Amino acid sequence: MTYKAIVERYVNGDSSLKQKIDDYVSAQAFLQGVSNPSGGPDSGGLGEPKFEINRTAFTGPWGRPQRDGPPLRATALTVYANWLITNGQAAQAANTVWPVIAKDLAYAVRYWNQTGFDLWEEVSGSSFFTLSATHRALAEGAALATKLQKTCDGCATAAPQVLCFMQSFWTGSYIDSNINVNEGRTGKDVNSIISSIHTFDPKSKCTDATFQPCSSRALANHKAVTDSFRSVYGINRGIAQGRAVAVGRYSEDVYYNGNPWYLATTAAAEQLYSALYQWNAQGSLTIDAVSLPFFRDIISTAATGTYAKDSNTYKTIVAAVRTYADGYMAIVQKYTPSNGGLAEQFDKNNGSPLSAYDLTWSYAAFLTATERRAGVVSQSWNEASNNIPPTTCTGTPSCNARITFNVRTTTTFGESIFVVGQLTQLGNWRPADAKALSASKYTASDPLWTTDVDLPASTVFEYKYIRKSSSGQVTWESDPNRRYTSSSGCGSTATVNDTWR
């Protein structure tokens, strides 16, 4: 996310950044070959979120894999590659930058419909942010491949299916940012606002399917997400509806007791600045039943309809939206210390900086918001040709390996053994969704419990066995989690032999 902002600044004229970008390309090319807890270069390792500063694998516990990393990196480097092509440096784009992009796109094609950890590194499920970033990366990656006369196997096929899946996150009034997980939240998460600004296309209309910043869905979601923080932060008390507030990750957040984030608050502003750009470019704005509550917050007399750019109503609305957006930047300004340092969070009761200090993403988010306010925008990723989802979601062709789980443990009458783990097929660590093992081969001399499970091939995953009593009581085997890499090749088979711990 930070390097995407750096690349955009370079493309928009800051030539001093080129060496940093070239160094980034080299570093990422190296890291793509480092085996790590998420897997090897061809078995999921590109989804590893964290490395040591000397470019070796980080092997401690962490929320992994995070499947947003490869598409985000692909997008940052695709913006750079397109600039290189336009400016007579196509050889560098093809020979140095494309190989990095191609590996990330291959990862996205293979893993987009598998669960993983969200951008906050906390929830393992299906993340709207990850899917949104993936759709953009695949769409623009396919176009770049054509431009470079390269191949991007599966990109053009997978992109519309990702877009189709994205529609299932829409609740009718907001985006449920994490699905296929039971985390006890409403799903109102600034993840969705960040998604909208990451996939903003300055040449797009207000497309609902891609949740463009000016779309009715994105505006309704903006209201739902920002409103969710009005009553949970002390510094927001007394701020009237329709006025900007401090924004955090999600209202149920308990990290550092849950506080506003600088980058979340600037993201709320940036979406509105991007929407203003889109309305101005298309020459009108439309208010419908979905977006009406958003507009009514800032203009009580707002009504449904389409308003042309030269109308007084249009001018009144855009002025109110700009003032509203500026309010979020004013919140950040108010709680930024005198030295200008942007930490990760600021205290929900007194506004003092908290947690990681000088967070690079906080600075990048501030810069992109101020650029959008000034009308400086990112490059088009051809959203207009990639914004119609299929009528039926078919997913992606599966490449599974059949894994036989054998575990030996003595049980008493009424007890059953299950395997549970981080993959959807293993219940995403939920005991209620664990895969049951069979005692059909169990004997007193060989207490074997067994089952066959079709899992994604060449995938690293963690798992454990659990014991359930006839009353439903669950007993987990002892730590640590078990790790396994499924066999490579579609239709391959392998057997795991374990003993209960």
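Where a number appears in this text, it was derived from the coordinates with a stated rule and is not lab data. Computed from a predicted model, the values in this text were never measured in an experiment. Every residue, glycine among them, receives a Cβ derived from its backbone with ideal geometry; neighbour counts consider all protein chains shown.
Quick notes
- Pairs with C-alpha atoms separated by more than 20 Å, drawn from the list 4/50; 203/309; 188/348; 103/150; 20/150, are 20/150.
- Cα-only Debye scattering, the range 91-190: base-10 log of I(q)/I(0) at q = 0.11, 0.13, 0.15, 0.24 Å⁻¹: -0.38, -0.51, -0.64, -1.18
- About its Cα centre, the dipole of the range 1-171 is roughly 260 debye, where the only charges are +1 on Lys and Arg Cβ and -1 on Asp and Glu Cβ.
- Segment residue 306-residue 320, length gained on full extension (0.36 nm per residue, minus Cα span): 3.4 nm
- Between residue 374 and residue 281, the modelled labels are 1.9 nm apart [label points 7 Å from Cα along Cα→Cβ].
- Packing-based ranking, highest mean first, of 25-34, 173-182, 104-113 given that Cβ atoms within 10 Å are counted: 104-113, 173-182, 25-34
- Bins of 10 Å, starting at 0 and running to the largest distance - Cα pair percent for the range 302-362: 19, 34, 18, 19, 11
- The charge dipole of the chain, taken about its Cα centre with unit charges on the Cβ of Lys, Arg, Asp and Glu (plus for the first two, minus for the last two), comes to roughly 340 debye.
- q = 0.13, 0.18, 0.19 Å⁻¹, the range 1-171: log10 I(q)/I(0) [Debye, one scatterer per Cα]: -0.62, -1.17, -1.28
- D by Stokes-Einstein for the chain, Kirkwood Rh over Cα pairs, 25 °C, 0.890 mPa s: 101 µm²/s.
- Difference of contour (0.36 nm per residue) and Cα-Cα distance, residue 92 to residue 412: 108.6 nm
- Residue exposure proxy: 7, 407, ordered by other Cβ atoms within 10 angstrom of their Cβ from fewest to most, comes out as 407, 7.
- Positive end of the dipole of the range 1-171 (Cβ unit charges, origin at the Cα centre): among 44, 109, 69, the Cα lying farthest that way belongs to 109.
- Directionally averaged shadow of the range 267-353, computed from the convex hull of its alpha-carbon atoms, nm²: 7.0
- Each residue of the range 83-92 is assigned a 3J(HN,Hα), and the resulting list reads 5, 4, 4, 5, 10, x, 10, 4, 5, 5 Hz, derived from the Karplus form 6.51 cos²θ - 1.76 cosθ + 1.60 (θ = phi - 60°), x at Gly and Pro.
- Among 144, 274, 191 - extreme Cα towards positive end, dipole of the chain, charges at beta-carbon: 274
- Convex hull of the range 400-499 built on C-alpha atoms - directionally averaged projected area, nm²: 6.0
- The value of relative contact order for the chain, using C-alpha pairs under 8 Å at least six residues apart, is 12 percent.
- Computed P(r) (all Cα pairs; the range 293-452; 5 Å bins; percent): 2, 6, 9, 8, 8, 8, 8, 9, 9, 8, 7, 7, 5, 4, 2, 1, 0, 0
- Compared with the alpha-carbon gap, the fully stretched path from residue 42 to residue 55 is longer by 2.9 nm at 0.36 nm per residue.
- Averaging 1/r over every pair of different alpha carbons in the range 200-380 and inverting the result gives a Kirkwood radius of 16.7 Å.
- Dipole orientation for the range 1-150: of the candidates 134, 25, 87, 87 has the Cα lying most toward the positive pole (charges on Cβ; Lys, Arg +1; Asp, Glu -1).
- Calculated mean residue ellipticity, 222 nm, the chain: -11500 deg cm²/dmol, from DSSP H runs (n ≥ 4) at -39500 (n - 2.57) each, averaged per residue and rounded to 500.
- Within the range 341-422, trypsin sites (Lys or Arg not before Pro) in DSSP loop having at most 10 other beta-carbon neighbours inside 10 Å: none
- Cross-link reach is defined here as a Cα-Cα straight distance under 12 Å, omitting same-chain residues fewer than 8 places apart; for residue 435 the aspartates and glutamates meeting it are 452, 454.
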